[in-house]
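This report concerns only the one structure given below.
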Amino acid sequence: VKALGLNGKDQVRVNKAGCLDRCEEGPCIVVYPEAVWYTYVDREDIDEIVDEHLVHGRVVERLRLG
(Lines give C-alpha, C1' and ligand atoms only; values in the text may rest on other atoms or scores of the structure.)
Protein backbone atom coordinates (compact mmCIF):
# COMPACT_ATOMS: atom_id res chain seq x y z
CA VAL A 1 0.00 0.00 0.00
CA LYS A 2 2.76 2.41 0.93
CA ALA A 3 4.88 1.51 -2.11
CA LEU A 4 1.90 2.24 -4.36
CA GLY A 5 1.31 5.62 -2.71
CA LEU A 6 -2.14 4.60 -1.49
CA ASN A 7 -1.56 5.49 2.17
CA GLY A 8 -2.08 8.82 3.88
CA LYS A 9 -4.86 11.12 5.01
CA ASP A 10 -8.22 10.17 3.47
CA GLN A 11 -6.64 7.21 1.66
CA VAL A 12 -5.90 3.61 2.65
CA ARG A 13 -4.95 2.77 6.23
CA VAL A 14 -3.64 -0.67 7.15
CA ASN A 15 -4.26 -1.82 10.73
CA LYS A 16 -3.26 -4.97 12.52
CA ALA A 17 -6.23 -6.38 14.39
CA GLY A 18 -6.73 -9.05 16.96
CA CYS A 19 -9.43 -11.66 16.68
CA LEU A 20 -12.18 -10.80 14.20
CA ASP A 21 -14.31 -13.79 15.33
CA ARG A 22 -13.79 -15.74 12.10
CA CYS A 23 -10.90 -17.99 13.15
CA GLU A 24 -12.44 -21.05 11.49
CA GLU A 25 -12.04 -19.31 8.11
CA GLY A 26 -8.33 -18.56 8.52
CA PRO A 27 -6.62 -15.18 8.31
CA CYS A 28 -8.82 -12.27 7.25
CA ILE A 29 -8.61 -8.89 5.58
CA VAL A 30 -11.55 -6.48 5.83
CA VAL A 31 -11.90 -3.54 3.45
CA TYR A 32 -13.99 -0.62 4.74
CA PRO A 33 -16.22 1.27 4.15
CA GLU A 34 -17.51 -1.51 1.86
CA ALA A 35 -17.12 -4.12 4.64
CA VAL A 36 -15.79 -6.72 2.19
CA TRP A 37 -14.16 -9.63 4.01
CA TYR A 38 -11.37 -11.62 2.39
CA THR A 39 -9.34 -14.67 3.21
CA TYR A 40 -5.88 -15.27 1.79
CA VAL A 41 -3.26 -17.99 1.51
CA ASP A 42 -0.10 -16.17 0.48
CA ARG A 43 1.47 -12.87 -0.51
CA GLU A 44 0.18 -13.16 -4.07
CA ASP A 45 -3.41 -13.22 -2.76
CA ILE A 46 -2.76 -10.07 -0.72
CA ASP A 47 -1.18 -8.37 -3.73
CA GLU A 48 -4.26 -9.28 -5.80
CA ILE A 49 -6.60 -7.81 -3.18
CA VAL A 50 -4.58 -4.58 -3.08
CA ASP A 51 -4.39 -4.29 -6.87
CA GLU A 52 -7.92 -5.34 -7.73
CA HIS A 53 -9.90 -3.91 -4.81
CA LEU A 54 -7.91 -0.96 -3.53
CA VAL A 55 -6.46 0.27 -6.82
CA HIS A 56 -9.18 -0.70 -9.31
CA GLY A 57 -12.28 -0.94 -7.09
CA ARG A 58 -13.10 -4.53 -8.08
CA VAL A 59 -13.99 -7.17 -5.48
CA VAL A 60 -11.86 -10.32 -5.71
CA GLU A 61 -14.71 -12.85 -5.59
CA ARG A 62 -12.48 -15.93 -5.35
CA LEU A 63 -11.07 -14.68 -2.03
CA ARG A 64 -14.24 -13.13 -0.63
CA LEU A 65 -15.65 -14.54 2.60
CA GLY A 66 -19.31 -15.15 3.15
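What to note about this one:
- Summary: within the chain, the longest segment free of trypsin sites (Lys or Arg not before Pro) located in DSSP loops with at most 11 other C-beta atoms within 10 Å is 17-57.
- Per residue, the accessible area of the chain comes to 76 Å² when a 1.4 Å probe rolls over the protein heavy atoms.
- Note on Val30: accessible area approximately 40 square angstrom, rounded to 10, probe 1.4 Å, nucleic acids and ligands left out.
- Positive end of the dipole of the chain (Cβ unit charges, origin at the Cα centre): among Val55, Thr39, Asn7, the Cα lying farthest that way belongs to Asn7.
- For the chain, Kirkwood radius (reciprocal of mean inverse C-alpha pair distance, Å): 12.5
The values are calculated or read from the model by the stated rules, or taken from the named source; none is laboratory data. Worth saying up front: this structure is predicted, and the values here are computed from it rather than measured. Cβ: placed from backbone, ideal geometry, glycine included. Neighbour counts: every protein chain shown. Just the protein is used for accessible areas: all its heavy atoms, side chains included, with ligands, DNA and RNA removed. Shrake-Rupley method; radii C 1.70, N 1.55, O 1.52, S 1.80 Å.
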